1. Within region 89-99, count every residue that is surrounded by 14 or more Cβ atoms within 10 Å (Cβ to Cβ) and assigned to a loop (DSSP other than H, G, I, E, B).
2. Please enumerate the residues belonging to region 121-140 that are more than 8 Å from ligand 2 (Cβ to nearest atom) and either free of Cβ contacts under 8 Å to residues at least 60 places away in the same chain or loosely packed, with under 13 Cβ neighbours inside 10 Å (or both).
3. Which of the residues that make up region 102-150 are touching a strand residue (DSSP E or B) at 6+ places or on another chain (Cβ under 8 Å), farther than 14 Å from residue 12 by Cα and assigned to a loop (DSSP other than H, G, I, E, B)?
4. Quick one: is residue 77 closer than 26 Å to residue 30 by Cβ, in a helix (DSSP H, G or I) and near ligand 1 (Cβ under 8 Å from one of its atoms)?
5. On the basis of being under 16 Å from the mean Cα position of the chain (by Cα) and either in a helix (DSSP H, G or I) or at pLDDT 95 or above (or both), does residue 45 make the cut?
6. So, in region 40-84, of the ones that are in contact with a strand residue (DSSP E or B) (Cβ under 6 Å, 6 or more places away or on another chain) and more than 16 Å from ligand 2 (Cβ to nearest atom), which residue ends up farthest from residue 116 (Cα to Cα)?
Ligand SMILES: Nc1ncnc2c1ncn2[C@@H]1O[C@H](COP(=O)(O)OP(=O)(O)OP(=O)(O)O)[C@@H](O)[C@H]1O
Ligand SMILES: [Mg+2]
(Lines give C-alpha, C1' and ligand atoms only; values in the text may rest on other atoms or scores of the structure.)
(Ligands and ions follow the chains in the order given, each with its own letter.)
Protein backbone atom coordinates (compact mmCIF):
# COMPACT_ATOMS: atom_id res chain seq x y z
CA UNK A 1 0.00 0.00 0.00
CA UNK A 2 1.16 3.48 -0.80
CA UNK A 3 2.42 5.10 2.36
CA UNK A 4 2.52 8.86 2.46
CA UNK A 5 4.06 10.40 5.54
CA UNK A 6 4.00 14.11 5.94
CA UNK A 7 6.24 16.40 7.93
CA UNK A 8 4.18 19.41 8.85
CA UNK A 9 5.57 22.58 10.40
CA UNK A 10 3.39 25.24 12.01
CA UNK A 11 4.72 28.70 12.84
CA UNK A 12 3.41 30.18 16.08
CA UNK A 13 3.72 33.73 17.35
CA UNK A 14 1.21 33.57 20.22
CA UNK A 15 -1.57 35.30 18.29
CA UNK A 16 -5.15 34.07 17.90
CA UNK A 17 -4.54 33.65 14.18
CA UNK A 18 -1.54 31.40 14.75
CA UNK A 19 -3.72 29.34 17.10
CA UNK A 20 -6.12 28.89 14.17
CA UNK A 21 -3.16 27.72 12.09
CA UNK A 22 -2.33 25.26 14.89
CA UNK A 23 -5.84 23.76 14.77
CA UNK A 24 -5.46 23.15 11.04
CA UNK A 25 -1.92 21.75 11.37
CA UNK A 26 -2.95 19.35 14.14
CA UNK A 27 -5.99 18.26 12.16
CA UNK A 28 -3.83 17.58 9.09
CA UNK A 29 -1.16 15.75 11.08
CA UNK A 30 -3.80 13.69 12.84
CA UNK A 31 -5.79 12.60 9.83
CA UNK A 32 -5.40 8.87 9.22
CA UNK A 33 -2.93 8.75 12.08
CA UNK A 34 -3.51 5.03 12.60
CA UNK A 35 -2.06 4.26 9.17
CA UNK A 36 0.34 7.11 8.77
CA UNK A 37 2.95 8.48 11.11
CA UNK A 38 2.90 12.15 10.34
CA UNK A 39 5.30 14.41 12.20
CA UNK A 40 4.44 17.82 13.56
CA UNK A 41 6.94 20.55 14.34
CA UNK A 42 6.05 23.91 15.85
CA UNK A 43 8.44 26.83 15.54
CA UNK A 44 8.64 30.12 17.42
CA UNK A 45 11.12 32.77 16.31
CA UNK A 46 12.42 35.16 18.94
CA UNK A 47 12.31 38.47 17.15
CA UNK A 48 13.49 41.87 18.29
CA UNK A 49 10.73 43.60 16.34
CA UNK A 50 9.44 45.78 19.14
CA UNK A 51 5.82 45.93 18.10
CA UNK A 52 5.35 42.17 18.41
CA UNK A 53 6.30 41.77 22.06
CA UNK A 54 6.44 45.30 23.37
CA UNK A 55 6.35 44.45 27.08
CA UNK A 56 9.81 42.94 26.58
CA UNK A 57 11.37 46.16 25.52
CA UNK A 58 10.68 48.23 28.56
CA UNK A 59 13.47 50.52 29.68
CA UNK A 60 15.42 49.55 32.72
CA UNK A 61 14.50 45.87 33.02
CA UNK A 62 17.34 43.43 33.64
CA UNK A 63 18.56 40.78 31.21
CA UNK A 64 17.27 38.17 33.62
CA UNK A 65 13.82 39.72 33.57
CA UNK A 66 13.88 39.85 29.76
CA UNK A 67 14.68 36.13 29.68
CA UNK A 68 11.89 35.34 32.11
CA UNK A 69 9.44 37.31 29.99
CA UNK A 70 10.58 35.47 26.86
CA UNK A 71 10.01 32.14 28.63
CA UNK A 72 6.42 33.17 29.42
CA UNK A 73 5.76 34.35 25.87
CA UNK A 74 7.16 31.10 24.43
CA UNK A 75 5.16 28.91 26.86
CA UNK A 76 2.03 30.80 25.87
CA UNK A 77 2.82 30.53 22.14
CA UNK A 78 3.22 26.73 22.33
CA UNK A 79 0.36 26.13 24.76
CA UNK A 80 -2.38 25.32 22.25
CA UNK A 81 -0.24 23.16 19.96
CA UNK A 82 1.08 21.14 22.92
CA UNK A 83 -2.42 20.60 24.24
CA UNK A 84 -4.01 19.61 20.92
CA UNK A 85 -1.12 17.40 19.81
CA UNK A 86 -1.21 15.57 23.15
CA UNK A 87 -4.99 15.08 22.87
CA UNK A 88 -4.65 13.64 19.36
CA UNK A 89 -1.59 11.52 20.22
CA UNK A 90 0.59 13.30 17.67
CA UNK A 91 4.35 13.46 18.21
CA UNK A 92 5.34 17.10 18.49
CA UNK A 93 8.73 18.77 18.32
CA UNK A 94 8.94 22.39 19.42
CA UNK A 95 11.71 24.62 18.11
CA UNK A 96 12.77 28.08 19.28
CA UNK A 97 15.27 30.10 17.28
CA UNK A 98 16.39 33.71 17.26
CA UNK A 99 16.29 35.79 14.14
CA UNK A 100 14.13 37.35 11.50
CA UNK A 101 10.89 35.31 11.53
CA UNK A 102 10.27 34.75 7.81
CA UNK A 103 13.79 33.71 6.83
CA UNK A 104 14.17 31.61 9.99
CA UNK A 105 10.91 29.75 9.21
CA UNK A 106 11.90 29.18 5.58
CA UNK A 107 15.39 27.95 6.58
CA UNK A 108 14.06 25.61 9.26
CA UNK A 109 11.55 24.12 6.84
CA UNK A 110 14.43 23.30 4.48
CA UNK A 111 16.68 21.91 7.20
CA UNK A 112 13.91 19.67 8.54
CA UNK A 113 12.78 18.61 5.07
CA UNK A 114 9.22 19.81 5.71
CA UNK A 115 6.44 18.87 3.29
CA UNK A 116 3.95 21.51 4.34
CA UNK A 117 4.23 24.77 6.26
CA UNK A 118 1.15 26.09 8.06
CA UNK A 119 1.00 29.77 9.05
CA UNK A 120 -1.59 32.39 9.88
CA UNK A 121 -2.42 35.10 7.34
CA UNK A 122 -1.72 37.70 10.02
CA UNK A 123 -0.38 37.61 13.55
CA UNK A 124 0.68 39.79 16.43
CA UNK A 125 1.21 42.88 14.29
CA UNK A 126 -1.05 45.79 15.11
CA UNK A 127 -1.26 47.04 11.53
CA UNK A 128 -4.45 45.89 9.84
CA UNK A 129 -3.79 44.47 6.39
CA UNK A 130 -6.06 43.28 3.60
CA UNK A 131 -4.76 39.73 3.74
CA UNK A 132 -1.13 38.92 4.49
CA UNK A 133 1.24 40.12 7.18
CA UNK A 134 4.89 40.66 6.32
CA UNK A 135 6.02 37.29 7.71
CA UNK A 136 3.39 35.22 5.92
CA UNK A 137 3.95 37.16 2.67
CA UNK A 138 7.67 36.48 2.77
CA UNK A 139 7.22 32.83 3.71
CA UNK A 140 4.80 32.27 0.81
CA UNK A 141 7.27 33.98 -1.51
CA UNK A 142 10.40 32.09 -0.43
CA UNK A 143 9.42 28.71 1.01
CA UNK A 144 10.74 25.65 -0.76
CA UNK A 145 7.60 23.66 0.12
CA UNK A 146 3.86 24.19 0.04
CA UNK A 147 2.43 26.79 2.39
CA UNK A 148 -1.04 26.63 3.89
CA UNK A 149 -2.06 30.16 4.90
CA UNK A 150 -4.86 30.02 7.45
CA UNK A 151 -7.12 33.02 7.13
CA UNK A 152 -7.61 35.28 10.14
N1 LIG B 1 8.02 35.32 15.47
C2 LIG B 1 7.32 34.37 14.83
N3 LIG B 1 7.59 33.05 15.06
C4 LIG B 1 6.88 32.10 14.42
N5 LIG B 1 5.88 32.35 13.57
C6 LIG B 1 5.56 33.63 13.31
C7 LIG B 1 6.26 34.70 13.91
N8 LIG B 1 5.72 35.85 13.46
C9 LIG B 1 4.74 35.51 12.60
N10 LIG B 1 4.63 34.17 12.51
C11 LIG B 1 3.67 33.40 11.69
O12 LIG B 1 3.25 34.19 10.60
C13 LIG B 1 1.85 34.42 10.66
C14 LIG B 1 1.55 35.78 10.11
O15 LIG B 1 2.15 36.78 10.93
P16 LIG B 1 2.71 38.15 10.35
O17 LIG B 1 3.80 38.58 11.27
O18 LIG B 1 3.01 38.00 8.89
O19 LIG B 1 1.43 39.11 10.46
P20 LIG B 1 1.25 40.42 11.36
O21 LIG B 1 1.92 40.19 12.68
O22 LIG B 1 -0.21 40.72 11.37
O23 LIG B 1 2.00 41.52 10.51
P24 LIG B 1 3.43 42.21 10.73
O25 LIG B 1 4.27 41.37 11.63
O26 LIG B 1 3.97 42.34 9.35
O27 LIG B 1 3.10 43.55 11.36
C28 LIG B 1 1.48 34.19 12.14
O29 LIG B 1 0.10 33.84 12.30
C30 LIG B 1 2.40 33.03 12.48
O31 LIG B 1 1.87 31.82 11.93
MG1 LIG C 1 3.98 39.74 12.91
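1. 2
2. Selection gives 126, 127, 128, 129, 130, 131, 132, 136, 137, 138, 140.
3. Residues satisfying the conditions are 112, 113, 114, 115, 132, 143, 145.
4. Taking the combined requirement at face value, the residue satisfies it.
5. Yes.
6. 78
The values are calculated or read from the model by the stated rules, or taken from the named source; none is laboratory data. Bear in mind the structure is a predicted one, so any value in this text is a computation, not a measurement. In this analysis, Cβ positions are derived from the backbone assuming ideal geometry, glycine residues included, and neighbour counts consider all displayed protein chains.
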